[in-house]
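What follows is calculated from the coordinates using simple rules that are stated; it is not laboratory data. The structure displayed is predicted, hence computed values, not measured ones. Cβ atoms come from the backbone with ideal geometry, glycine included; neighbour counts cover every protein chain shown.
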Amino acid sequence: MELAKVTSKGQITIPQEIRKKLNLKEGDKVFFVQENGSIVFLNASQVAFRSIQNEMTNEAGKAGFKTEDDVVRYIKKLRRSPSA
């Protein structure tokens with residue numbers, strides 16, 4: 001558990017260990033989310049990436065790709081295509 005103090009402007013310094021765990025760098029943005037009576041904060045970039053992953057779930061299967069080799073073959077075909 002880490003402790004941080006709120007300044008008169010409502011700012012806090014995120015402890016170094018927490019920044020490391022969330023992979024936060026200077027200028028990164030964070031989301032504050034209320035969950036089960038608590039407030040948690042998340043690295044906004046990681047939230048966006050997870051959202052994209054969730055949206056893409058099962059899309060390869062819908063496109064007819066069964067294995068990673070199917071995807072690789074398709075990419076090679078696209079690269080050979082004159083319009084690529």
Exercise for review: Enumerate the lysines that Lys76 could reach by cross-link, defined here as Cα to Cα under 28 Å, with residues fewer than 8 away along the same chain left out.
Suggested key: Lys62, Lys66
Practice item. Assuming R0 = 22 Å, can you tell me the calculated FRET efficiency for the pair Gln46 and Glu17, based on Cβ-Cβ distance, to the nearest 0.05? Key: 0.85
Check your understanding: trypsin sites (Lys or Arg not before Pro) within the range 14-45: which are DSSP loop residues with at most 14 other Cβ atoms inside 10 Å?
Key -> Lys25, Lys29
Check your understanding: Helix 68-80 versus the longest principal axis of the chain: what angle, 0 to 90°, nearest 10, using Cα atoms?
Key -> 70
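Roughly speaking, what % of Cα-Cα pairs in the chain are separated by over 17 Å, rounded to a whole number?
Roughly 68 percent, rounded to a whole number.
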Study note, to complete from the structure: Once Gln34 and Val71 are pulled to full extension, the length gained, defined as 0.36 nm per residue separation minus their Cα-Cα distance, is 9.4 nm
Revision key, fill the gap. Correct response: the longest run of the chain lacking exposed GluC sites (Glu not before Pro), defined by DSSP loop and at most 12 other Cβ within 10 Å, is 27-84
Check your understanding: Can you give me the relative contact order of the chain as a percent, contacts being Cα pairs under 8 Å and 6 or more apart?
Key -> 13
